[in-house]
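Student: Pasting a structure here, questions to come.
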Amino acid sequence: RLSSRRPQICVARRDQAKHTRRRELHGFRCEKMTREPKIRLTELVGDLKPVGDMDVEVARKIMSILSCGCRIGMRSTTVFSLPRALIGGKRFNAGERLIVGRRCGSVVTMVKMGRSVYGLVKCFYRVCCSCNVFTDFVVLTWFPPTEYPDRDPLTVRISLNGVDVNNITSLDVVPLYSIQPSRVAVRFDRTNDCMYVMRLEGLDKSPLFNN
C-alpha cells in the first residue's frame with residue numbers, strides 16, 4: 001500500500017511546485033497562510049519634495065489642525081509634497097483633472113458634518129515638525145453639495161450650475177485619515193449641467209437616510 005501511494009504523492013508535490021513557479025513567473029506573491037487580519041495601509045507614498053512658498057490660507061488651516069502647536073515657517077518645521085496616497089489600501093493621485101471618458105484618481109469622499117461630500121485632491125502634504133513626528137494632510141477643493149433624486153444613497157447627483165470643478169479656487173485642508181477608502185467614478189451630464197458620482201466601496205451618509 002505504501003509503495004502504491006508514493007507515486008501519487010510525488011505527482012501531487014510536482015504539480016504543486018509547477019503551480020508555485022507559474023505564479024511567481026506571472027508576478028504573484030506567494031504568501032504563507034495566516035489567521036491574522038491584513039492591515040490596509042493609509043499613508044503617503046512617492047518622492048518627497050520640499051514645499052517652498054505655501055498658500056497662506058492653506059498654511060493657516062494646517063496649523064489649526066496640528067495638535068502639537070508647531071508653526072509652519074519655523075526653521076524646525078518642514079513641509080513636503082508627495083504625489084500619491086494609499087487610503088485603506090486604495091491608491092489615489094494628486095493633481096489629476098476630471099476629463100470626460102477617463103477615470104480620475106484624484107476624486108475622494110469623506111463625511112463632513114454628518115453627510116458625504118466629494119472633492120478633488122490638489123496635493124498631499126507631509127508636515128515634519130520639531131516634535132519628531134509627522135502629520136499627513138490632503139489639500140483639496142470641494143464639489144457642490146450632493147443631491148439624492150431617488151432619495152437613496154445609490155444615485156448621487158451634483159448640480160454644477162456652471163461651475164468648472166477643475167478650477168475651483170477655494171482650497172481646504174483635511175487630515176489624510178479623514179478621507180474614506182473608496183474610489184469614485186464620475187459621469188458628466190452636460191444636458192442638465194450636473195454630474196453623477198458613484199463610489200466603488202461603501203455608501204453615502206446623509207440625514208435623509210438616517211445612517
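FYI, it's all coordinate maths here, none of it is from the lab. Please read these numbers as outputs of a predicted model, since none were measured by experiment. Glycine also receives a Cβ, built like all others from the backbone with ideal geometry; neighbour counts cover every protein chain displayed.
Student: Tally Lys/Arg at +1 and Asp/Glu at -1 over every other residue whose Cβ is under 14 Å from the Cβ of Leu48; what's the total?
Tutor: Once positives and negatives cancel, what remains is 0.
Student: Can you list the equivalent-ellipsoid semi-axes of region 94-211, largest first and in whole Å, using the square root of 5 times each Cα gyration tensor eigenvalue?
Tutor: 26, 18, 12
Student: Taking the Cα of Val100, stepping 7 Å toward and past its beta carbon, and measuring to each backbone N in region 117-153: which are under 20 Å?
Tutor: Of the residues in region 117-153, 144 have backbone N under 20 Å from the label point off Val100.
Student: Expressed as a whole number of Å, what is the distance separating the alpha-carbon centroids of region 73-95 and region 171-211?
Tutor: Their Cα centres are 21 Å away from one another.
Student: Further question on the same structure: Could you tally the net charge around Pro181, taking each other residue with its Cβ under 9 Å from the Cβ of Pro181, Lys/Arg +1 and Asp/Glu -1?
Tutor: Computed value for this residue: +2.
Student: With a/c under 1.5 counting as rounded, go ahead and sort region 93-158 into rounded, prolate or oblate using the C-alpha gyration tensor (a ≥ b ≥ c being the square roots of the eigenvalues; past the cut-off, prolate if a/b is larger than b/c, else oblate).
Tutor: It comes out oblate by the Cα gyration axes.
Student: Quick one: grab the alpha carbon gyration tensor of region 133-178, order the square roots of its eigenvalues as a ≥ b ≥ c, and give me rounded if a/c is under 1.5, else prolate or oblate depending on whether a/b is larger than b/c.
Tutor: It comes out oblate by the Cα gyration axes.
Student: OK, next. Mind listing which trypsin sites (Lys or Arg not before Pro) in region 182-211 are in a DSSP loop and have 12 or fewer other Cβ atoms within 10 Å?
Tutor: The qualifying sites are Arg190.
Student: Are any of the pairs Lys61/Lys122; Lys61/Lys205; Lys112/Lys205 more than 19 Å apart by Cα-Cα distance, and if so, which?
Tutor: Lys61/Lys205
Student: Considering amide H positions built from the backbone, and no H for Pro or chain starts, which residues 5 or more places from Cys194, or on another chain, come under 5 Å of its amide H?
Tutor: Here Leu160, Asp189 satisfy the definition.
Student: If we count every other residue with Cβ under 13 angstrom of Ala85's Cβ, Lys/Arg +1 and Asp/Glu -1, where does the sum land?
Tutor: +4
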